[in-house]
Amino acid sequence: MFKDFAHRHSPCTVNGEPDKVILSRETKATTILGKEYVYNGLFSPKSTVAPGDIIQNDITFLVQTLRLTATKDKYCSLIKTNAAIQVQRYTHEYDDYDNPKGKPVFVSITSDVVGFAQHVSAQLKQEDPGLLPTTTLVLLLQTNVDVKEPSDPELTQPDRIIIAGKKYQVDVLDRIKYPNLLFIQLCEDRR
């Protein structure tokens, strides 16, 4: 099917590598989220696309799901990214003798990472009963982003994520919900 619609092929990149895609909107969407952010992408059988990849053309997308069609084309559910994030970690500086120097501070681990952020609404809480009562924002990121689980023994405080200048604390980091993507629950950071 992909080759039958060569007139609809659009150039794109898959994790920086050139490729071609046929993009379309999710036709059954009834919410603003579905109408604005959810897309379908059809790739050739030879494409290297996989769940969790970043697709770029005029817009940047994360690949949420992938399934093969009868002709082995790769049919993907894509979500348009809407956030550039910065990850900060609470660290202490030490001298040559491993004595702490000064107060612990949040240090930037990575910045300008693209992801998809969504405010938690009453409808989202109904659809996803696993959300914590304190969760104000959910975030999808690639698994290669250095965010640690709040229970990680190396941390003294959970990681901080900054989105549009606002600080959030990582409450839950789920690696299972979406293949090759991090699903992160965030609450407002008051530290």
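How many residues does region 41-62 hold that are open to solvent by 30 Å² or more (accessible area, probe 1.4 Å), within 16 Å of the chain's Cα centre (by Cα) and without any contact (Cβ under 8 Å) to a residue 24 or more places away in the chain?
1
For region 81-101, which positions are in contact (Cβ under 8 Å) with a residue 40 or more places away in the chain and open to solvent by less than 30 Å² (accessible area, probe 1.4 Å)?
Result: Ala83, Ile85, Val87, Gln88, Arg89.
Filtering region 148-191 down to residues that are of a type in the set (Ser, Thr, Tyr) and buried (at least 18 other Cβ atoms within 10 Å of the Cβ), which residue is nearest to Gln86 (Cα to Cα)?
The residue in question is Tyr168.
What number of residues within region 160-191 satisfy the criterion of being of a type in the set (Lys, Arg) and modelled with pLDDT under 95?
Final tally of qualifying residues: 4.
Which one is farthest from the chain's Cα centre (by Cα) among residues in region 112-127 that are over 16 Å from Asp189 (Cβ atoms) and open to solvent by less than 30 Å² (accessible area, probe 1.4 Å)?
Result: Leu124.
The values are calculated or read from the model by the stated rules, or taken from the named source; none is laboratory data. Everything numeric in this text was worked out from a predicted model, so none of it was measured. Counting neighbours? That spans all protein chains shown, and the Cβs are built from the backbone with ideal geometry, glycine included. Areas reflect the complete protein model, heavy atoms only, side chains present, ligands, DNA and RNA absent. Shrake-Rupley method; radii C 1.70, N 1.55, O 1.52, S 1.80 Å.
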